[in-house]
Each structure stands twice: as C-alpha cells, then as structure tokens.
C-alpha cells in the first residue's frame, strides 16, 4: 500500500527526514507524544466498579508502552501540508508498505471506543490487541480530515527498520536551502523525487509531479 508521512523541515525536522532516508527507519512514538490529548482513552461500557478499574490499570501500563506511527493515503489535503509540513515548505515521504507483513489499520473517527470488562481482560492476557477493539485506533470526528492510517509496532523497538523510502515529495514552497542537500541524498540512495503542483480540477487541488 502506498502511504505518506508529512514532515516539516524546520527545527529538528530536517534531521528527522535525513535519519529516515539514510538509516531507512521510521521512529515509533507512544501516545503521550501526540497532539490529541484523548489518545489512549476509552469509554466504559457500564459504570466501572473496583474490579474493572483493577483490570484497567495493567492495560493502561501496556498502552503507555505501545509504539506506533501515522501515515496518510493522499497528500491532496492542504490542511495536512499546513499543519504537519511547515505550511507547504516541508516534504511528504512516500512508502510502499506490505499489509500482509505489517499491522497497519485505518483510524475510525467515532470517538472513544466502549470497552467491556471482558475486553480488558483479553487485552491484559494478551489474547487480543488494544487496536482490535478500537483503543489507539479511534479518534474524535474532528480529526477526520487527516484520514490517518496507523502502523503498530511493539513495546521493545523504537524504530520500524529496513523501511526504504520510495519517493520524497516537496511542497509548493519546497525549494529551500535544504533542497540541494536532499536532492544529493535522494541521488545517493536512489530515492525518486517529486514536487507538489497546483491542479485546480474538481475536488483535487494538487498533483504530484515526479522527476
């Protein structure tokens, strides 16, 4: 599946992009570092009692160690460039990922999932994964514009390794001082380059032109 990551080149952004290109790896975050304060939350199916809360405690510890990273399917949404790629001055990193090998799931924008005591016990006993019942896979409807897909790793590995970048796509404001450096890296590591160009046709506002 073709998936993209958006990155700003401001601050440490350029270093992160170079790390992803040169070391062929993607950093896996925990939910504490994300911008949605409701990440990792769930709703009670019924009013929680002490038994429910006692089972929820180790599940919470498990969630705090769960690592994952986010992708999008399309880079036509201007809000994504504005919010996550330096206002069109950053880049989109294009990957071709194998759904048969990696645990990649589409985010549901339905709010916090309702979780029963039985579900919590299954998570605690490692018979199901939190994302199987929507935890760390459900977000509020206000985030729907992101159209996020999430790749889940494990608690022992900070990076998804051996992940070669397929293409590096510059935003409309992308020909900056970093352009020549990134072009050199792309040539060295045989990564295709592209840029975002206005399209103004129907609902599609942009197209990717590969070079």
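List of remarks:
- Any chance residue 144 is out of contact with any strand residue (DSSP E or B) (no Cβ under 8 Å at 6 or more places or on another chain), surrounded by 13 or more Cβ atoms within 10 Å (Cβ to Cβ) and within 30 Å of residue 46 (Cβ to Cβ): yes
- Single unsatisfied condition, residue 193 versus (1) under 30 Å from residue 51 (Cβ atoms); (2) crowded, with 16+ Cβ neighbours inside 10 Å; (3) in contact with a helix residue (DSSP H, G or I) (Cβ under 6 Å, 6 or more places away or on another chain): (1)
- In region 24-41, the qualifying residues are those that are without any contact (Cβ under 8 Å) to a residue 60 or more places away in the chain and not in a strand (DSSP E or B), and the one that is surrounded by the most Cβ atoms within 10 Å (Cβ to Cβ) is 30.
- Of residues in region 61-81 being part of a helix (DSSP H, G or I) and touching a residue at least 12 places away in the same chain (Cβ under 8 Å), the one nearest to residue 124 (Cα to Cα): 62
- Only one of the numbered conditions (1) touching a residue at least 40 places away in the same chain (Cβ under 8 Å); (2) under 22 Å from residue 130 (Cβ atoms) is violated by residue 21, and that is (2).
- Residue check, residue 24 modelled with pLDDT of 95 or more, out of contact with any strand residue (DSSP E or B) (no Cβ under 8 Å at 6 or more places or on another chain) and at positive phi: yes
- Residue within region 124-142 that is more than 28 Å from residue 53 (Cα to Cα) and either modelled with pLDDT under 95 or in contact with a helix residue (DSSP H, G or I) (Cβ under 8 Å, 6 or more places away or on another chain) (or both) present: no
- Which numbered condition residue 118 misses (of (1) closer than 20 Å to residue 92 by Cβ; (2) without any contact (Cβ under 8 Å) to a residue 24 or more places away in the chain): (1)
- Residue that is modelled with the highest pLDDT [pool: residues in region 42-59 that are surrounded by fewer than 18 Cβ atoms within 10 Å (Cβ to Cβ) and not in a helix (DSSP H, G or I)]: 43
- Number of residues in region 1-12 that are more than 30 Å from residue 60 (Cα to Cα), in contact with a strand residue (DSSP E or B) (Cβ under 7 Å, 6 or more places away or on another chain) and crowded, with 18+ Cβ neighbours inside 10 Å: the value is 1.
- Conditions (1) assigned to a helix (DSSP H, G or I); (2) surrounded by 16 or more Cβ atoms within 10 Å (Cβ to Cβ); number of the one not met by residue 136: (1)
- When 155, 176 are screened for being modelled with pLDDT under 95, in contact with a helix residue (DSSP H, G or I) (Cβ under 8 Å, 6 or more places away or on another chain), in a loop (DSSP other than H, G, I, E, B) and at negative phi, only 155 passes.
- Entry remark, region 179-207: residues being under 15 Å from residue 91 (Cα atoms), modelled with pLDDT under 90 and touching a strand residue (DSSP E or B) at 6+ places or on another chain (Cβ under 9 Å) number 4 in total.
- Residue 89 vs. criteria in a loop (DSSP other than H, G, I, E, B), in contact with a strand residue (DSSP E or B) (Cβ under 8 Å, 6 or more places away or on another chain) and in contact (Cβ under 8 Å) with a residue 60 or more places away in the chain: no
The values are calculated or read from the model by the stated rules, or taken from the named source; none is laboratory data. From a predicted model like this one, the values you see are computed outputs, not experimental measurements. Neighbour counts are summed over all protein chains in view; Cβ atoms, including those assigned to glycine, are modelled from backbone coordinates with ideal geometry.
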